[in-house]
Amino acid sequence: MSVKKVLRMGDPVLMKVASAVPTYNTPALHALVQDLLDTMAAQDGAGLAAPQIGISQRVVVFGIAANPRYPDEETIPMTVLINPVIEPLSEAVADGWEGCLSVPGLRGEVPRYTHIRYRGFDQFGMKIEREVTDFHARVVQHECDHLDGILYPQRMTNMRAFGFEAELEKAAEAAAESDAAR
Ligand code: NI
């Protein structure tokens, strides 16, 4: 299929509650899923939701492949998740840095549940049910928020932990150097 333009924060489609997908395994649904996967790969993203390419339907894709350069990084199986439902399995919440292809160049610290169960269907209508923690749980909550018209800055509680990626990296390097000098 094809790489689509990713809508940016401020576009009204990103603020809408997306509609449920009524039927699985249709040519239109397969085409939408392929567009999402192609666009995510082209942007080197960890996840993408249909509203981000202008389609207000409850479809998300996410996944992080193993990178031989970073063997310790967590991986997430490549997943197509449709009509998802998330259930927190504990009250525990943790802060973590997030970015979003609809908020390019920026990063912010967002509180998310650390232990969730999610359910939904793939594009063929096969049931998906997983219990996950930490980073995997964070990615799913971020992507599913897009289906309710929520972008991560709206979840932030500490707006001081928000900035441009390049500046945050510089600041982190400077802090690490001054730690090392001590
Ligand atoms: Ni996003």
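The values are calculated or read from the model by the stated rules, or taken from the named source; none is laboratory data. All values derive from a computational prediction rather than experimental measurement. Ideal geometry is used to build each Cβ from the backbone, glycine not excepted, and the neighbour counts take in all protein chains shown.
Listed values, structure above:
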| quantity | calculated |
| --- | --- |
| Answer from A180, A137, A174 - the residue that is in contact with a Phe, Trp or Tyr (Cβ under 8 Å, 6 or more places away or on another chain) and either modelled with pLDDT under 95 or within 16 Å of the ligand (Cβ to nearest atom) (or both) | A137 |
| Matching residues in the stretch 28-54 - criterion: being of a type in the set (G, A, S) and within 16 Å of the ligand (Cβ to nearest atom) | A41, A42, G45, A46, G47, A49, A50, G54 |
| Condition met for S178 (free of Cβ contacts under 8 Å to residues at least 60 places away in the same chain, of a type in the set (S, T, Y), more than 30 Å from T23 (Cβ to Cβ) and not in a loop (DSSP other than H, G, I, E, B)) | yes |
| Lone unmet requirement of (1) away from the ligand (no atom under 15 Å from the Cβ); (2) at pLDDT 95 or above for M1 | (2) |
| Residue in the stretch 59-79 that is over 13 Å from the mean Cα position of the chain (by Cα), of a type outside the set (A, V, I, L, M, F, W, C) and within 16 Å of the ligand (Cβ to nearest atom) present | no |
| Given (1) closer than 25 Å to G10 by Cα; (2) within 16 Å of the ligand (Cβ to nearest atom); (3) surrounded by 16 or more Cβ atoms within 10 Å (Cβ to Cβ); (4) touching a residue at least 12 places away in the same chain (Cβ under 8 Å), number of the condition D148 does not satisfy | (3) |
| Qualifying residue in the stretch 36-44 (condition: under 19 Å from K127 (Cα atoms), at pLDDT 95 or above and within 15 Å of the chain's Cα centre (by Cα)) | no |
